[in-house]
Amino acid sequence: MFQSVLMMGGLGVAIGTALVIASKAFYVYEDPKVVAIDDALPGANCGGCGYPGCNANAEAIVNGLSGVNSCVAAGDDVAMAIAQIMGVSVSDTEPEFAGPGCYYGKDDADMEYDYLGITDCRAAALLFGGMKVCRIGCLGLGSCVKACMFGALSIGSDGLPKVDQEKCTGCGACERICPKNIIRLTSVTRRIMREYTTEECVTPCQRACPTGIDIKEYIRLIREGDYEASVQVIKERNPFPTVISRICPALCEFKCRRLLQDESVAINDLKRFVCDYEMNQNKRILPYKAPATDKQVAIIGGGVEGLSAAYFTARLGHSPTVFEATDALGGILCKAIARERLVKDVLDWDIEGIKEMGVTVKTHVKAGKDFTVDGLLKQGFHAVFTATGGWDSRLARGGVDQAETVFPGAYLLIDLLRSQSDKNITIPLGKNVVIAGGGIRVPDAVKLLKQSGSNKITIVSRKQHEDSSFDPAAIDILAKAGATIIYNAGVTRVVGEESNLTAIEYAALDTGEKQMIDADTLFIASGRFPELVFVPVRDDETDHPQNGQEKIGPLVWEGVELQKKPDTNMELGLLSSQDVISEYPSAVASINGGRKAAAAMHNLMYGIKFQESSNFITDQSILQDVTVLKNVDVLPRNIIKLNKEQKGSAGGGRVSTGFSTGFSTEQAQAEAARCLRCGLVCYEKSKIVG
Ligand code: SF4
Ligand code: SF4
């Protein structure tokens with residue numbers, strides 16, 4: 001008995017000692033902040049924050065890897081509580097909602113086969129992609145509904161998902177589970193940054209529109225008489241809707257599916273109808289904006305592209321300021337389009353609308369004279385975009401008698417050549433000169449540079465050696481001047497310190513390999529300055545402090561090209577033949593350039609990499625389509641009347657007509673009814689009566 005007690009006691013002491021040692025050896029410290037934040041989080045473990053559960057997100061918040069407001073299932077009160085635990089302030093987050101993108105349900109879409117398997121979209125998708133003829137159509141089995149932990153989704157009577165925005169937390173569970181990419185999270189920022197892909201239901205007209213307006217939707221809203229919502233849809237992608245509704249070449253109408261039956265829908269005239277409605281009411285419909293950020297953006301140039309970039313920048317929540325050299329905004333719209341075609345009132349109305357979005361405008365201020373790019377960065381602007389004009393930026397400004405310089409050390413080659421005969425034109429030449437472009441006037445320019453004391457001249461030519469514009473005599477001149485020619489290369493980046501250019505980066509056009517060379521002067525063999533975005537070089541690369549803080553070192557800046565995809569494959573370097581950002585065939589294309597510029601600046605300011613995708617829609621994309629329309633009645637197109645008096649303005653209120661009057665309400669309704677509300681292969685068929 002005594003022995004047993006002794007044994008049990010000894011065993012107890014041994015186990016106790018082992019446990020004490022184990023608890024010391026395997027002790028895991030639990031940060032009280034993690035515990036407190038974990039307690040504050042709702043415990044839904046939905047994964048909407050991007051972490052596998054609430055505890056993982058709590059750890060990420062404490063380690064600075066996740067935001068205090070990263071929980072999509074919680075409200076502001078939880079974000080505030082977490083911010084208090086962390087001792088930081090909470091900034092506004094932009095709400096995101098699920099948005100379904102399929103419009104033809106089980107009764108309206110054509111089916112390939114009947115599906116009798118398990119009720120799961122992923123299972124159905126494994127069978128030839130699903131039962132719909134449309135390869136990207138919603139399968140309607142509600143996997144997204146089951147995935148939503150917040151009861152925000154349901155399947156409607158048409159077999160398509162419906163979102164309750166009150167309940168949707170934007171956790172993204174539906175987006176992740178949908179095998180057809182039908183449901184996507186949406187927000188103002190996402191809509192602005194978005195490039196269409198082949199996995200989305202984008203109508204033929206929308207694909208053809210350079211700005212990608214959701215045409216089907218604005219026409220549907222006209223049909224429903226909701227004109228304000230219709231204007232909102234148009235302004236999602238177009239800051240000059242009233243102008244464009246008068247001057248657009250309407251590429252969308254050339255792709256309208258109705259052409260398979262009769263005539264295209266009068267898409268642009270319908271746009272004019274709702275935009276005139278807004279203007280005639282004199283009641284501005286302002287599009288949605290993302291929550292305000294602390295980012296300030298300077299845009300040099302108040303033409304179509306510059307103002308569009310400012311508009312989209314403002315909608316992304318930033319504070320844009322436009323610097324325009326002349327006294328008039330609108331660039332080519334103001335200077336080159338006949339007033340009968342584009343009445344000044346209309347242009348002014350759209351420009352006022354852009355300003356009302358929170359765009360500050362300064363006119364009569366010229367880059368290089370009244371301000372400089374580096375000066376703007378030092379003032380606290382986080383990015384500077386140069387949008388100084390179309391194919392010859394100087395024409396819009398009525399010509400120039402001085403050499404122009406938009407950013408430090410950069411000049412147009414034409415100004416260098418002009419300086420030979422015009423003594424008013426002076427260019428402060430450096431020792432280390434780079435010429436971007438390899439045209440036939442380059443040897444003359446090189447001779448001039450040599451005479452003026454430049455001792456290192458490099459020509460970066462986009463042409464291959466064998467296709468070069470330089471004949472043997474020119475090569476001889478260049479060789480005697482000691483100029484180096486880099487063939488098949490494009491300038492991709494400029495770098496400077498304070499008010500000086502210090503280097504340029506060029507890339508080999510075949511391999512993409514990049515090199516830096518020292519440069520204090522850059523000549524651009526073009527009639528215009530390139531569109532670049534300038535930002536301070538990031539702190540981890542230099543000792544330059546963040547903007548707004550006390551300066552502890554020289555300002556180092558860089559100017560980079562805008563992202564050109566998906567309109568063209570990224571052809572590297574300035575002066576590329578497909579430079580869509582520079583070579584706009586129409587005002588509507590410039591608007592899209594402005595949107596892309598705003599998106600590029602947003603990405604640069606936040607260090608976000610452009611999301612490459614192999615399935616962006618381009619002219620080369622092969623998409624499902626229809627070639628014959630069935631059960632569609634012939635309906636003649638409604639025609640707007642010519643304004644016989646051809647006055648500049650109708651004379652009453654703000655109604656401005658020009659060459660033509662707009663649609664009456666009856667005409668607009670009749671025309672809107674002609675739209676087939678196309679999907680990728682679906683469309684609205686005539687109701688067969690009887
Ligand atoms: S949206 Fe996607 S997951 Fe939801 S019902 Fe349609 S196919 Fe299924
Ligand atoms: S019918 Fe309507 S949706 Fe279809 S292409 Fe024409 S305008 Fe666009």
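The values are calculated or read from the model by the stated rules, or taken from the named source; none is laboratory data. Being a predicted model, the structure only gives us computed values, none of them experimental. Cβ: placed from backbone, ideal geometry, glycine included. Neighbour counts: every protein chain shown. Surface accessibility is based on the protein's heavy atoms, side chains included, excluding ligands, DNA and RNA. Shrake-Rupley method; radii C 1.70, N 1.55, O 1.52, S 1.80 Å.
Order Thr426, Thr293, Thr203 by their accessible area, 1.4 angstrom probe, all chains in place, largest first.
Thr426, Thr293, Thr203
What Kirkwood Rh does the stretch 97-186 have if only Cα atoms enter the pairwise 1/r average? Answer in Å.
Details: mean 1/r = 0.0773 Å⁻¹.
It is 12.9 Å.
Of all DSSP beta bridges located in the chain, what percent are antiparallel, nearest 5?
55 percent
Helix-only estimate, please: 222 nm mean residue ellipticity of the chain, summing -39500 (n - 2.57) across DSSP H runs of length 4 or more and dividing by its residues, to the nearest 500.
-9000 deg cm²/dmol, from helical runs alone.
Can you tell me the accessible area per residue over the chain, all protein chains present, probe 1.4 angstrom, in square angstrom?
Ligands and nucleic acids excluded, the result is 47 Å² per residue.
Mind listing the long-range amide H neighbours of Ile299? Cut-off is under 5 Å, sequence gap 5 or more, other chains count too, H placed in the peptide plane at 1.01 Å from N.
Amide H to amide H, under 5 Å and 5 or more residues apart or across chains, Ile299 pairs with Thr321, Val322, Phe323, Phe385.
Taking θ as phi - 60°, what are the ³J(HN,Hα) couplings along the stretch 185-198 by the Karplus curve (6.51, -1.76, 1.60), each to the nearest whole Hz, with x for Gly and Pro?
Each residue of the stretch 185-198 in turn: 6, 9, 7, 4, 4, 4, 5, 6, 6, 6, 10, 6, 10, 6 Hz.
Along the charge dipole of the chain, which of Leu623, Ser613, Thr197 sits closest to the positive end, that is, farthest toward it, with unit charges on the beta carbon of Lys, Arg, Asp and Glu (+1, +1, -1, -1)?
So the residue furthest toward the plus end is Leu623.
On the protein heavy atoms, probe 1.4 angstrom, tell me the percent of accessible surface of the chain carried by carbon and sulfur.
53 percent
Sort the chain into rounded, prolate or oblate with this rule: let a ≥ b ≥ c be the square roots of the eigenvalues of the Cα gyration tensor; rounded if a/c is under 1.5, and if a/c is not under 1.5, prolate when a/b is larger than b/c, oblate otherwise.
oblate
Give the residue from Ala403, Val556, Thr321 lying farthest towards the positive end of the charge dipole for the chain; charges sit on Cβ (+1 for Lys and Arg, -1 for Asp and Glu) and the dipole is referred to the Cα centre.
Going by the Cα projections, it comes out as Ala403.
Dipole of the stretch 154-304 (Lys/Arg Cβ +1, Asp/Glu Cβ -1, origin at the Cα centre): which of Gly303, Tyr288, Ile177 lies farthest to the positive side?
Farthest towards the positive pole: Gly303.
Sort Glu498, Glu166 by accessible area with a 1.4 Å probe, largest first. Provide the component values of the computation, followed by the final result.
Values: Glu498 45, Glu166 170 Å².
The most accessible residue leads, giving Glu166, Glu498.
Could you pull out the trypsin sites (Lys or Arg not before Pro) across the stretch 415-481 that fall in loop regions by DSSP (anything but H, G, I, E, B) with no more than 12 other Cβ atoms inside 10 Å? Mind showing how you got there, number by number?
Values: sites: Arg418, Lys423, Lys431, Arg441, Lys447, Lys450, Lys456, Arg462, Lys463, Lys480; in loops: Lys423, Lys431, Arg441, Arg462, Lys463.
Hits after loop and neighbour filter: Lys423.
Cut-off under 21 Å on the C-alpha distance; same-chain residues fewer than 8 positions from Lys335 excluded. Which lysines are left, in chain and number order?
Lys344, Lys355, Lys362, Lys366, Lys647
Calculate one ³J(HN,Hα) per residue across the stretch 672-680 by plugging θ = phi - 60° into the Karplus curve 6.51 cos²θ - 1.76 cosθ + 1.60, and present them in order as whole Hz with x for glycine and proline.
So the J values, rounded to whole Hz, are 4, 5, 6, 5, 8, 6, 5, x, 4.
Filter the cross-link list Lys235/Lys596; Lys216/Lys271; Lys216/Lys295; Lys369/Lys596 down to pairs whose alpha-carbon distance in this structure exceeds 23 Å.
Lys216/Lys295; Lys369/Lys596
Using amide H atoms built 1.01 Å from N in the peptide plane, name the residues 5+ places from Lys162, or on other chains, whose amide H lies under 5 Å from its own.
Hits under the 5 Å cutoff: Ser154, Ile155, Gly156.
Could you go through the stretch 340-356 in sequence order and give the Karplus-derived ³J(HN,Hα) for each residue, using 6.51 cos²θ - 1.76 cosθ + 1.60 with θ = phi - 60°, rounded to whole Hz, and x for Gly and Pro?
5, 7, 10, 5, 4, 3, 5, 4, 4, 4, 5, 5, 4, x, 5, 5, 5
What size of dipole, in debye to the nearest 20, comes out for the chain about its Cα centre when the only charges are +1 on Lys and Arg C-beta atoms and -1 on Asp and Glu C-beta atoms?
Details: 73 positive and 84 negative charges, 268 e Å.
About 1280 debye.
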